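Trainee: Encoded as structure tokens, here's the structure I'll be asking about.
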Amino acid sequence: MRINSKALNKTYFVVFTFLNCIHLPVRLLKLSLVMLRRSLLGWLSRVGILLVVACCCLSLLYVITCSNQTDEPIAGQTLARAGGMAFAGGPSRPGGVGVNPVGLGGREGFQALLQEREEEHRQHIASLKKQIAQLKEALQERSEQLKGMQDSLEKARRKGTGDVVVEERSHNDLQEFLRSQLSRSEVHTGVRLPSEYAVVPFESFTLQRIYQLETGLTRHPEEKPVRKDRRDELAEVIESALNALNAPNYGGEKTKSSKVYTPSDFIEGLVRTEKDKGSLYELSFRAEHKHQFRQLLLFRPFGPLMKLKNEMLETTNMPINIVLPLSQRADKFRQFMQNFREVCVKQDGRVHLTVVYFGKDQMNEVKGILENVSRYGMCQSPDEPVEVTESAHLDCSELDLRPCCVRIKGHLRSYSEADEVNRAVDCLESIQGHAGRLPALQRIRHLSIQRKKLDSLELNFRNFTLIQLNEEFSRGRGLDVGARAWKGGNVLLFFCDVDIFFTAEFLNTCRLNAQPGKKVFYPVLFSQYNPAVIYGSHDHIPPVEQQLILKKDTGFWRDFGFGMTCQYRSDFINIGGFDVDIKGWGGEDVHLYRKYLHSNLMVVRAPSRGLFHLWHEKHCADELLPDQYKMCMQSKAMNEASHGQLGMLLFRHEIEAHLRKQKQRGGAKKA
């Protein structure tokens, strides 16, 4: 039980006052006795009695009041911790109501004050506990950091060298590598080259223009730098050269030059990049006098290779949905489906085809082609001949072999007649003395068995969707409808055209260079020239598979086209898809391409050796304006043949006349 100090002090004060009240009358009585002796005893006795009575009344009243106020807080404070309230004159009850309460209003005020003070103390204690916990946590963290630093110092001490030494050594190694790049490059002295084709040419540039050799089809011999990195590169080089020229000491001189060089003094620069060493810049500036020039030589060395990523990519469960817009052109669609059957069905097996067809003309023919692919999905169609080279060594002039040769050469025309192969083999087995010819034909028997096994799988290929739209053809509209029609989750889309030929390797390239939410793939396809011009006439044109050769005279990289692309459906939906208001061909691909360029996705733009655009004749309508018709004819000429081949066509009459003269001279000499 705790004793209230305030109540105890009040008790001491009451006792002290009571004693004073008793002591004062005694002193007054003594004084009165003395005064009586001095003839004032009568008056003083009355005053003393009055004072004694007054002091006693005041003391009694004060004692009663202080005793009530002192007992109440002690009782309230004691019983508050018990969960109730007690008042003088009765036992405590739940809710703090007692019997015969004395001074109820005063006690309730003191009780509320005590509860408020106790709540403040509790909050203060909780705050102190929280601070103590935070201090403990901070102390533990500091202890762990100190322990980690001690372990690092201990490891460094064991190795004998600190981290500073390792970092300094790495910096020195990098500096040494960059200096070796400078010594290996062709800067101060020439390098022996095997031929004229091994020379790395310079490109020249000014403040506004760059003059380049490798122009391609979209770049010009003279143009402004379009790419931002190219502009920043040249601007940085010129700025560094100006800083070097305006420095207090340059070129080994002791005094500062009086001329302040500005960009207007820049005349010309040369730049050459060696892929494995660095970029060399030669810059020329006007000096103080008319015939004086300043020339600076700058070199940007390439650093060593750095490994950034090493991961395994699994493409087993990565299907591709090829979206193909189509209007008529059933003959081209049949050629496309032959390649689709060979690459997507037989080799890859993870491809879905979505055909969006506009109109009703040739619709039944397109459906028949798709059904034919479904029926012969894993095999060749019956009208495709089979090359039989295994029986070429048979001597069919022998009488006993003629029936067998007739069967092989006459009946083995398709996989659907594979049973004739078995009959031919049985025919040879029945003839004695020709066992040496059987292994080659036994291989044919084995192939026929394998083809029969594939027949059971051909009917399972139904991975295609045909959507018909009765409206005007729009490539962007067709691709947008085909992409949104897919309901199987986030799939990789390949936007394609009917004139495109692709390989199985390209499908893997498509899978490897597209990633949802990160990058889209825009391959640069190889556009084929007119085969009739390449091979001289229509009679000498080989099959399509043999035409796909990456040479200067067979085609060109179509770096101005953006219609073929690989991207995930989620990225296509999030970017907003195609502009469906664009009618006909052209425009929609550039619009989508620019959307990705303005986004945070990486656009992978690279030539693809497995993607080809097959040549088809281009028609320029008479309704076009003169400027449009001229541009159309220029595009037609660019897609027709190479520069050299067009020149040969232009001068073919002169060439034929020259050949005739040479032939006549040869005949005259012989005569």
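The values are calculated or read from the model by the stated rules, or taken from the named source; none is laboratory data. From a predicted model like this one, the values you see are computed outputs, not experimental measurements. Cβ atoms come from the backbone with ideal geometry, glycine included; neighbour counts cover every protein chain shown.
Trainee: Of the residues M337, M318, only one is in a helix (DSSP H, G or I) and touching a residue at least 12 places away in the same chain (Cβ under 8 Å); which?
Mentor: The match here is M337.
Residue by residue, here is whether (1) under 17 Å from N508 (Cα atoms); (2) without any contact (Cβ under 8 Å) to a residue 12 or more places away in the chain; (3) assigned to a helix (DSSP H, G or I) holds:
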position	(1), (2), (3)
F299	no, no, no
L305	no, yes, no
L308	no, yes, no
F333	no, no, yes
R341	yes, no, yes
Q347	yes, no, yes
V356	no, no, no
G368	no, yes, yes
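Trainee: Continuing with this model, one more query. Checking the structure you have, find out if any residue of segment 161-174 is in contact with a helix residue (DSSP H, G or I) (Cβ under 8 Å, 6 or more places away or on another chain) and modelled with pLDDT under 75.
Mentor: Yes; the residues of segment 161-174 include at least one that is in contact with a helix residue (DSSP H, G or I) (Cβ under 8 Å, 6 or more places away or on another chain) and modelled with pLDDT under 75.
Trainee: So, one more: Can you tell me which residue within segment 231-285, out of those that are surrounded by fewer than 17 Cβ atoms within 10 Å (Cβ to Cβ), in a loop (DSSP other than H, G, I, E, B) and among the charged types (D, E, K, R), is modelled with the highest pLDDT?
Mentor: It comes out as K259.
Trainee: Of all residues in segment 181-208, which are surrounded by 12 or more Cβ atoms within 10 Å (Cβ to Cβ), out of contact with any Leu (no Cβ under 8 Å at 6 or more places or on another chain) and modelled with pLDDT of 75 or more?
Mentor: Listed by number, the residues that qualify are V200, T206, L207.
Trainee: Going residue by residue through segment 594-602, is there one that turns out to be under 30 Å from C344 (Cα atoms) and of a type in the set (A, V, I, L, M, F, W, C)?
Mentor: For segment 594-602, residues under 30 Å from C344 (Cα atoms) and of a type in the set (A, V, I, L, M, F, W, C): present.
Trainee: Can you pull out the residues in segment 504-548 that are among the hydrophobic types (A, V, I, L, M, F, W, C), over 25 Å from V604 (Cβ atoms) and surrounded by fewer than 19 Cβ atoms within 10 Å (Cβ to Cβ)?
Mentor: Across segment 504-548, the qualifying residues are A532, V533, I541, V544.
Trainee: Now for a separate question. Q328 versus (1) outside any strand (DSSP E or B); (2) under 30 Å from E505 (Cβ atoms): which is the lone unmet condition?
Mentor: (2)
Trainee: So, in segment 535-581, of the ones that are touching a strand residue (DSSP E or B) at 6+ places or on another chain (Cβ under 7 Å) and of a type in the set (A, V, I, L, M), which residue ends up nearest to L493 (Cα to Cα)?
Mentor: M564
Trainee: Of all residues in segment 526-585, count the ones that are out of contact with any helix residue (DSSP H, G or I) (no Cβ under 7 Å at 6 or more places or on another chain) and within 17 Å of R475 (Cβ to Cβ).
Mentor: Selection size over segment 526-585: 9.
Trainee: Quick one: would you say L326 is assigned by TED's automatic domain parsing to the domain that holds V351 and of a type in the set (A, V, I, L, M)?
Mentor: Yes, satisfied.
Trainee: Keeping to segment 532-547, report how many residues are in a helix (DSSP H, G or I) and under 21 Å from F340 (Cβ atoms).
Mentor: Count: 4.
A quick yes/no check of all residues on (1) surrounded by 11 or more Cβ atoms within 10 Å (Cβ to Cβ); (2) among the small types (G, A, S):
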residue: L611; (1), (2): yes, no
residue: D622; (1), (2): no, no
residue: G647; (1), (2): yes, yes
residue: Q662; (1), (2): no, no
residue: G667; (1), (2): no, yes
